[in-house]
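Participant: I am attaching a structure below and will ask some questions about it afterwards.
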Amino acid sequence: MIRIYLRLAIPLLAIFIALNIAARAFGSTQAPNPVLRGFTEGCEGKPQPCWYGIVPGVTSLAEADRIIRQQNFIKRQNTIVVIYDTFSNSPISSLTIGISASQPDKVQGLALDLTENIRLGDLLIQFDEPDWIDIHDNFRLTDLIYASENGTISLRTGIQSRFYPFQQNFEAIGLLPVKPIYENYSYNWYGFMPSWRYCQRRPLAAFCN
């Protein structure tokens, strides 16, 4: 029986490695994604998460407002969150800044709603492989999580296949100044695998029943 499993595992492993390489190769042949460029421009020497120089938990609201307006965003709402819209030919439809009562003058989070999806190859080139994968609603929504001691970047897919949760592009990005505890309801990143293989890692998860 063990030999049978090994015979099956080796070809599957080769397929998953090939998918990873293919995604990176495809991304490298495309023009740089303007959304991901924001994680480089203005962030030289700054820890991630950072977007055009805005670091959640560090950057003031006034400085963030100046940077965001330079990217042709227009402020629409300023209550418990600050919302900006863009009416230019931008890959971002809206940008939301979270505010905390404990630090009302600091950016506490960023949420980017995209009009142009981010390709997986672009993502892997920019950030390398994620740390966690967070799965919702019976694999209808999936977040890839990049976590560090300075904060978290999460990227959300749209509706997608139950069997290959990494085929879709990504349509929203979130930046937080803290590293959440995802272990209770998320997986470590195990690479490109069908959803049933992730369910084997945690068979008692609700979406695996």
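Just so it is clear, none of the values below were taken in a lab; they were calculated from the coordinates. Predicted model, so just to flag it, every value in this text is computed and none were measured. So basically every Cβ, Gly included, is an ideal-geometry build from the backbone, and we count neighbours across all protein chains shown.
Participant: Once amide H atoms are placed 1.01 Å from N in the peptide plane, what residues at a sequence separation of 5 or more from Gly57, or on another chain, have their amide H within under 5 Å of its amide H?
Facilitator: Val107, Gln108, Gly109
Participant: Can you tell me which of 66-72, 128-134 comes out highest on packing, and rank the rest after it, using the mean Cβ neighbours within 10 Å?
Facilitator: Order by mean packing, descending: 128-134, 66-72.
Participant: Let me ask something additional. Please report the net charge: other residues with Cβ closer than 15 Å to the Cβ of Thr40, K and R +1, D and E -1.
Facilitator: Net charge in that neighbourhood comes out at -2.
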